[in-house]
Amino acid sequence: MMLGAGDPLLSGKIDLTVVLIVIGKTVAVFAFLLVAVMLYIWFMRKVIADMASRVGPDSAGPWGILQSLADGIKLFFKEQSVPDSADRRVFFLAPYISLMTAFLAFSIIPIGGQVSIAGHQTYLQLADLPIGILFLLAMSGLGLYGVMLAGWSSGSKYPLLGSVRASAQMLSYEAAFGLAIVGVLVQAGTLSTRAIVEKQAWTGVGSLGTWYVIPAFVAFVIFLISAIAETNHPPFDLVEAEQELVGGFHTEYTGIRFAIFYLAEFMNLITMSAIAVTLFLGGPAGPSLGFLSATGPVNTWLMPVFWFIAKVMVLLFGTVWLRASLPRLRYDQLMDLGWKWLIELAFIWVMVSGVIIVGRNEGWNLIAVVPLSLLGGLGILGVLRASMPNRSELVEEIL
Amino acid sequence: MSLTEEELTMQITGDSSRTDSGDDVAEDVAEQSVLAPELKRLSRQTGEGSQELRPLQEIVIAGGPWPELEGDGQTMIINMGPQHPSTHGVLRMMMELDGETVVRAKPVIGYLHTGMEKTGEELTYVQGATNVTRMDYVSPLSNELVFATAVEQLLDVEVPERAIWMRMMLVELNRISSHLLFQATNGMDMGAVNMMLYGWREREEVLRVLEIITGLRMNHNFIRPGGLAADLPDGWQEAVLGVCKQVEAGIADYDKLLTENPIWQSRTVGVGVITTEQCMALSITGPVLRSTGFPWDLRKTQPYLAYDQVDFDVIYTDNGDCYDRYRIRLFEVLESVKIVRQCVAKMPGGDYRVQDKKITPPPRARIDESMEALIHHFKLFTEGFRVPPGETYARIESPRGEIGCYLVSDGTGKPVRMHVRGPSFYNLQAISPMMEGRMVADAVAIISTCDPIMGEVDR
Amino acid sequence: MARFSGFGVTFKQMFKPRITGFYPKEKREKPERFHGRHVLNRYEDGMEKCIGCELCAGVCPAKCIYVRGADNSVDSPVSPGERFGFVYEINYLRCIHCDMCVEACPTEAITETKLFEFSFANRADAIYTKDELLVDDEGRAKRQPWELWLGGEDDKTSAWMRATSSSGDADYEGRVNWSGELGFGVREPEQGQSL
Amino acid sequence: MTEAAYAYTTPTDALVAKFAGSVAIESHGQSVVHVDKSSLADVVEYLRVSEEFTMCLDVTAVDHLQDVERPQIDGIKRERFEVVVNLISHPRNIRIRLITQVPESDPSVPTLTSSFSGTSFPEREVYDMFGITFEGHPDLTRILMPDEWVGHPLRKDDAPARVPVTFKGDPGPR
Amino acid sequence: MGMEQVGHNFMTGQLEDVVQWARRRSMWPAAFGLACCAIEMMAAGGAHYDLGRYGMEVFRASPRQADLMIVAGRVSQKMAPVLRQVYDQMVEPKWVISMGVCASSGGMFNNYAIVQGVDQIVPVDVYIPGCPPGPETLMHGILNLHEMVRTGEIMKRRSANNGGAGIEIANVLPTDSAPTPVTISVADNSSSKLAV
């Protein structure tokens, strides 16, 4: 305690205030995510209702805004059951794996700009890892285990099918997901989310062009599709697929453990939207209020957070819109889309944009180099296609 | 797409392969019968009775055997239902899965067996409609109509012109609501959340019109032997024409939402294919049969009511897959709307119930005037009317196919036997051959597009 | 872009008016012929219409009506005739609202209201006795605590289409064939084809 | 109207000539052939192969235990059970109904599944409801009732298992 | 994990109110449709009636996550054991609505095939009449149930009759007719045990 109070990491530079700030930020981000998930679930139910001329939840609180809170409290006070055939330890552990990875992935997101708290300059970001993107990939990969273990440990058939689907689905889309991110990384040249965001900083309308959504548009589209697939959101929600697998991996879960899965699923979705905003849409960048002081609390604290949330909201509305409009894909079609289209497209895109960037730096003639690289990419694609196993072999391999 | 009688006959007879295939089948069956004792022994061994999955060889139907699948022993048997969101009530599918692929499937039914045929024997012909209407609860008026037609055949009476047109309009309205329900549940099964809500929305409008006319949303008890329970209410034209417009707008929405949607197409095109020959062997009727390129619709081919006096097309397609079944039902709604409009325009006046004192209760006003009317009233509502002995089979085209009513009378007020041939009961047999070799998600699509109504299957 | 026109359908729908009814604050309009819970009517002078003939009990496919008739006493008759319904019960956990009873009743004693919003916490509540079914002194249905009546719903006690139907005879359409009832008098018939 | 549909020529004469013990009658404009129990499967196969009857619409049975009046037909000995088969010919647009008398002592008929696979379900239903067995049926188990059910519910002598409706003022079952 | 073991003081009293509020506002029904009534139950989720207004549009396919079983339709002798199993798979607190006359008492199908009242198999909290009940009638029943949850009425009733089925068995079972051949096995067919 003596040591810890003054210098917990023994590095000589970090004092108690900083520790408190970090703890405060952690709690704040966690609370923010929880509230965001609750509001998102309510928002989703309301928008889907709107899209069908309905009213949606309106009895819990004003406009039903407390609906998710009611769901949560109810689930918390519900009895829990474990199937006899379940692997009890894994069964208990699985939901927490899902939740933790979903939260940890969010920790690298820059929510706002640099602010000063109690004289300390700090970023509105939980952790700015130099390898932030790798951490993100690791977390989204780990999140898979929550779902997979849940299905496997339930010891019954529908969850098992759901878990098999989950592992196959995540494997297929992880690659496309990573390659889409590489599309940004070759442009940004850094793995730190903070640095990526700073490269897209707002300097006027012209800076819209520096947002990676424009130079890396294809990567953006691939990212969105594979992110939705990674989070098991419709139309890729095969893992739960109520009409086919009853509830998929969480069929046997009750009460609070089910609530945690529910929470983790939507937390993942918000995290993915936030990552998309960070990588492609400039993160918290956006015009500040010119009539207020540029260093005042509104423009340093509020406006970046506002822009960040606004951009995330737009993406989240998109997910709800997808949910309302599209039927669900079939298992093999999902794999086809992932393996046969997204990965290859992402691959070519990475090659082409890599050539462009190198070419720009080296002063090559881009008009000659870009078509050449495209041809090369297509050539590799052809070889890949030719050597690719057919569908049934592929499915077997994955299973 | 309108077919004249000659064209239709040509289409039907032009297909010679059907009769040729007979010999092969006979051979297949001969092989099977050798297996029969073995099968019997197997079933005794497991003692699972009707819940046992039969060996693959069983499902050989006329027109050639189904392609066999080689499992690698890594299969798993799962039960879908009877409590499962996509089994349309209480159908239970036993499926042997190899990974996600269905190797074998067997529908197990009876979970909604209501004993309606027994109850039908205990109710008089006057009460009978209350019973049959609850069989196919999605299109209750079809059931009432077929029962009433059967009783009228036994009684040998002709119903008045107005009753015929009223019945036709009601049944077509009911066909619309039934197909809308199919669109809703089919969309839900494929994961299209809002399609379900749109389907319910338009269906609700149709139900409200039916409620204005009959007083009930479902299970109307409105079409009676001899006519209808009551005349059309005041202002029915506006209500019916209004709902026609709403339904058309709704169908346009569904069309935009799903028909061209690439995911929808990839989920349904080429899934659950069945051929005309297989339909013939398995006694499959209705939209499933029409989706195989065989335009058989009793409304056209063996017209009843006044279907020969209205203009409509038989919708049929060639591929026999889920997508075609979806499209057929979508466009049949529009044809039904067409018929309903013609009914509104051509509705004749006059009596709407047979004016036979022994069958139809007297008008209320006559009870006070005439002792005889009062006696008829009492007799009809206590012991019903007597039906001459005999047996008959009446059939109409319900939204799901040929619904038939086999009625046997012994001259008393209650039938000896009231059997209803529910089209879903037979169509359900198509599910297992369609499913084999497909994936679990396809199984859902196949059940859904066969549109079985368990009330009618189990009766 | 027909392949993705579905997005347009759902998006446009957001700006169309909601069609949801706000039950229990408001209820949907019930049509004239609606089949709701039954009432036993009385004549305009307060006499009961039921004569205890048991036709309704006999015709009921669910056998959910129990009627016992008794002789009217000379001093204080309950109904105009010789007999009246002494016991009259409907078991609403059997009743299928087919309205055969309404059609069968020779004196229009039993008709239906437009009330269908009721549910029971125990089975005994579901058996309505004669007291509960009989209209009150103003000719309106008695309201049970477990029923949800909204204003104006008992203005018309009866879904009486089937009771007064002309039984298929076009000549009888539009003829008043309803003996006056307490509170509402003689009803006008549906116009039907005679419109 | 309804009857007009049946006014086509029917192949009953050839059928009656070919199979002994068959009697053709007309019932409400529909052609009905009473066939002998032993030849039922052969008749169906003959109709399918030679007379273009493409579909078997329905298989059902009737229990005539308590009939008040039962029309007699010359040449047919009436038994307790009847198995009724409805066939349709799509190319010729005609229907035919076959009726077989099944005695109570030996309630069994040959299966039709060899001609039409689609009769599998209805035959199981008839077995379930009436206890009439179909010889050669590949999977003759109960279909609607639970496997362990005792009795065949649609037989007239099977217990109806009714319960009295409860009323407050009811002194007891009537 | 019911709240009823807890002795009531100021804190727990408040907490119980909150919990009951949550249970009322988020009563997820099991997607358990049987017959005609199931169609009306789904219609009640449609745009014109919208069960979603009470937070109930979340029809859970897995009984383990559902709070409310709406027995919508006739229960056949073959379905009865399945129904009981689904009920057993649901975890406390759970409620049952018997929707429509067929579920409540067999309705017009007073015969060999139909269980004459689902309360012989599972304890029923609210009975809804009608064949089928309209969506608004179903909503009345649901609101009725909400009210009973709010007042704690249900838990009192459960403890009064030992929480099991059989509320009305004495009145409903056939007396003079032939015994029903199928016995419904009630105990021990749940594949789960409580986590405590």
Report task. Return yes or no: is residue B:164 of a type outside the set (Phe, Trp, Tyr), surrounded by fewer than 24 Cβ atoms within 10 Å (Cβ to Cβ), at pLDDT 90 or above and over 25 Å from residue B:260 (Cβ atoms)? Result -> yes
**Report entry** Conditions (1) surrounded by fewer than 23 Cβ atoms within 10 Å (Cβ to Cβ); (2) free of Cβ contacts under 8 Å to residues at least 60 places away in the same chain; (3) charged (D, E, K, R); number of the one not met by residue B:156
**Finding:** (2)
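Quick one: which helices (runs of 4 or more DSSP H) lie wholly within the stretch A:185-257 and hold at least 1 residues that are more than 30 Å from residue E:92 (Cα to Cα) and in contact with a Phe, Trp or Tyr (Cβ under 9 Å, 6 or more places away or on another chain)?
Numbers: elements: A:193-199, A:217-230, A:242-245.
Ranges flagged: A:193-199, A:217-230.
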Query raised in the report: Just checking, which of B:284, B:328, B:274 is buried (at least 19 other Cβ atoms within 10 Å of the Cβ), aliphatic (A, V, I, L, M), without any contact (Cβ under 8 Å) to a residue 60 or more places away in the chain and farther than 30 Å from residue B:158 by Cβ?
Result: B:328
Query raised in the report: Taking the stretch A:64-123 on its own, how many of its residues are open to solvent by 60 Å² or more (accessible area, probe 1.4 Å) and closer than 27 Å to residue A:19 by Cβ?
Result: 9
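Name the residue that is modelled with the lowest pLDDT, counting only residues in the stretch A:196-207 that are of a type in the set (A, V, I, L, M) and surrounded by fewer than 19 Cβ atoms within 10 Å (Cβ to Cβ).
Our first condition is that a residue be of a type in the set (A, V, I, L, M); within the stretch A:196-207, this holds for A:196-197, A:201, A:205.
From what is left, the residues that are surrounded by fewer than 19 Cβ atoms within 10 Å (Cβ to Cβ) are A:201, A:205.
Details: A:201: 76, A:205: 73.
Going through the qualifying residues, I end up with A:205.
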**Report entry** Subset of the stretch E:124-142 (residues that are farther than 14 Å from residue C:115 by Cα and free of Cβ contacts under 8 Å to residues at least 40 places away in the same chain)
**Finding:** E:125, E:126, E:127
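Just to confirm my filter: which helices (runs of 4 or more DSSP H) fall fully inside the stretch B:333-442 and include at least 2 residues that are open to solvent by less than 30 Å² (accessible area, probe 1.4 Å), touching a Phe, Trp or Tyr at 6+ places or on another chain (Cβ under 8 Å) and among the aromatic types (Phe, Trp, Tyr)? Please lay out each step first, then the result.
Numbers: elements: B:364-369, B:371-382, B:423-427, B:431-435.
Passing ranges, in order: B:423-427.
Which count do you get for residues in the stretch D:36-81 that are farther than 20 Å from residue D:117 by Cβ, touching a helix residue (DSSP H, G or I) at 6+ places or on another chain (Cβ under 8 Å) and without any contact (Cβ under 8 Å) to a residue 60 or more places away in the chain? Walk me through how you get there before you give the answer.
Going residue by residue through the stretch D:36-81, those that are farther than 20 Å from residue D:117 by Cβ are D:36-39, D:62-81.
Subsequent filtering for residues that are touching a helix residue (DSSP H, G or I) at 6+ places or on another chain (Cβ under 8 Å) retains D:63, D:81.
Narrowing the set further to residues that are without any contact (Cβ under 8 Å) to a residue 60 or more places away in the chain leaves D:81.
Adding up the residues that qualify gives 1.
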Query raised in the report: Can you name the residue in the stretch C:40-90 that is of a type in the set (Gly, Ala, Ser) and open to solvent by 50 Å² or more (accessible area, probe 1.4 Å) and is also nearest to residue C:137 (Cα to Cα) among such residues?
Result: C:76
Query raised in the report: Does residue C:102 satisfy the condition of being within 12 Å of chain B (Cβ to nearest Cβ), touching a strand residue (DSSP E or B) at 6+ places or on another chain (Cβ under 6 Å) and of a type outside the set (S, T, N, Q)?
Result: yes
Report task. Those residues that are surrounded by 24 or more Cβ atoms within 10 Å (Cβ to Cβ), out of contact with any Cys (no Cβ under 7 Å at 6 or more places or on another chain) and not hydrophobic (A, V, I, L, M, F, W, C), I need them from the stretch B:287-303; list them, please. Result -> B:287, B:290, B:291, B:297
Query - Checklist (1) in contact with a Leu (Cβ under 7 Å, 6 or more places away or on another chain); (2) aliphatic (A, V, I, L, M); (3) within 21 Å of residue A:100 (Cα to Cα) applied to residue A:218, failing item - result: (3)
**Report entry** Hits in the stretch C:1-23 (condition: in contact with a helix residue (DSSP H, G or I) (Cβ under 6 Å, 6 or more places away or on another chain) and open to solvent by 20 Å² or more (accessible area, probe 1.4 Å))
**Finding:** C:3, C:5, C:7, C:14
Query raised in the report: Scanning for something charged (D, E, K, R), over 22 Å from residue D:16 (Cα atoms), touching a strand residue (DSSP E or B) at 6+ places or on another chain (Cβ under 8 Å) and within 11 Å of chain B (Cβ to nearest Cβ), does the stretch D:87-95 turn up at least one residue?
Result: no
Report summary line: Considering only strands (runs of 3 or more DSSP E) wholly within the stretch A:36-145, the ones with at least 1 residues that are more than 20 Å from residue A:24 (Cα to Cα) and in contact with a Lys or Arg (Cβ under 9 Å, 6 or more places away or on another chain) are A:81-83
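Would you kindly identify the strands (runs of 3 or more DSSP E) lying entirely within the stretch D:18-77 that contain at least 3 residues that are within 20 Å of residue B:416 (Cα to Cα) and open to solvent by less than 20 Å² (accessible area, probe 1.4 Å)?
Ranges flagged: D:30-35, D:55-63.
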Requested in this report: Would you please list the contacts, defined by Cβ atoms under 7 Å and residues six or more apart or on different chains, that run from a residue in the stretch A:7-25 that is at pLDDT 75 or above to a residue that is part of a loop (DSSP other than H, G, I, E, B) and open to solvent by 60 Å² or more (accessible area, probe 1.4 Å)?
Outcome: A:17/A:118
Report task. Taking the options B:454, B:435, name whichever one is out of contact with any strand residue (DSSP E or B) (no Cβ under 6 Å at 6 or more places or on another chain) and away from chain C (no Cβ under 14 Å). Result -> B:454
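Take residue B:208 and decide whether it is surrounded by fewer than 21 Cβ atoms within 10 Å (Cβ to Cβ) and in contact with a Pro (Cβ under 8 Å, 6 or more places away or on another chain). Explain how you work it out, then say what you get.
Values: surrounded by fewer than 21 Cβ atoms within 10 Å (Cβ to Cβ): yes; in contact with a Pro (Cβ under 8 Å, 6 or more places away or on another chain): yes.
Answer is yes for this residue.
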Query raised in the report: Taking interchain pairs and intrachain pairs at least six residues apart, which have beta carbon atoms under 7 angstrom, with the first residue in the stretch A:45-56 and more than 9 Å from chain B (Cβ to nearest Cβ) and the second outside any helix (DSSP H, G or I) and among the charged types (D, E, K, R)?
Result: A:55/C:18; A:55/E:50
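How many residues does the stretch E:98-119 contain that are more than 7 Å from chain B (Cβ to nearest Cβ), in contact with a Pro (Cβ under 9 Å, 6 or more places away or on another chain) and at negative phi? Can you show your working first?
Step one: of the stretch E:98-119, the residues more than 7 Å from chain B (Cβ to nearest Cβ) are E:98-107, E:110, E:115-119.
Still in the list and also in contact with a Pro (Cβ under 9 Å, 6 or more places away or on another chain): E:99-102, E:104, E:110, E:116.
With the extra rule that they be at negative phi, the set shrinks to E:99, E:101-102, E:104, E:110, E:116.
Going through the stretch E:98-119 one residue at a time, the tally reaches 6.
Which one is farthest from the other protein chains (Cβ to nearest Cβ), of the residues in the stretch A:57-94 that are among the acidic types (Asp, Glu) and in contact (Cβ under 8 Å) with a residue 12 or more places away in the chain?
Initially, the stretch A:57-94 is screened for residues among the acidic types (Asp, Glu), giving A:58, A:71, A:79, A:84, A:87.
Imposing the further condition that a residue be in contact (Cβ under 8 Å) with a residue 12 or more places away in the chain reduces the set to A:71, A:79, A:84, A:87.
Working: A:71: 4, A:79: 4, A:84: 6, A:87: 14 Å.
Restricting to residues being among the acidic types (Asp, Glu) and in contact (Cβ under 8 Å) with a residue 12 or more places away in the chain, the top hit is A:87.
Is it true that some residue in the stretch D:106-125 is part of a strand (DSSP E or B) and β-branched (Val, Ile, Thr)? Walk me through how you get there before you give the answer.
To start, the set of residues in the stretch D:106-125 that are part of a strand (DSSP E or B) comprises D:108-110.
From the residues that got through so far, the ones that are β-branched (Val, Ile, Thr) too are D:109.
Scanning the stretch D:106-125, I find at least one residue that is part of a strand (DSSP E or B) and β-branched (Val, Ile, Thr), so the answer is yes.
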Report summary line: Being surrounded by fewer than 20 Cβ atoms within 10 Å (Cβ to Cβ), hydroxyl-bearing (Ser, Thr, Tyr) and more than 14 Å from every other protein chain (Cβ to nearest Cβ) narrows A:271, A:231, A:193, A:210 down to just A:210
Query raised in the report: Among the residues of the stretch E:120-139 satisfying the criterion of being within 15 Å of the chain's Cα centre (by Cα) and farther than 15 Å from residue E:68 by Cα, which is farthest from the other protein chains (Cβ to nearest Cβ)?
Result: E:121
**Report entry** Residue satisfying all of: in the stretch D:126-157; assigned to a loop (DSSP other than H, G, I, E, B) and of a type in the set (Val, Ile, Thr); surrounded by the fewest Cβ atoms within 10 Å (Cβ to Cβ) among these
**Finding:** D:150
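The values are calculated or read from the model by the stated rules, or taken from the named source; none is laboratory data. From a predicted model like this one, the values you see are computed outputs, not experimental measurements. All Cβ positions, glycine included, derive from the backbone under ideal geometry; neighbour counts span all protein chains shown. Surface accessibility is based on the protein's heavy atoms, side chains included, excluding ligands, DNA and RNA. Shrake-Rupley method; radii C 1.70, N 1.55, O 1.52, S 1.80 Å.
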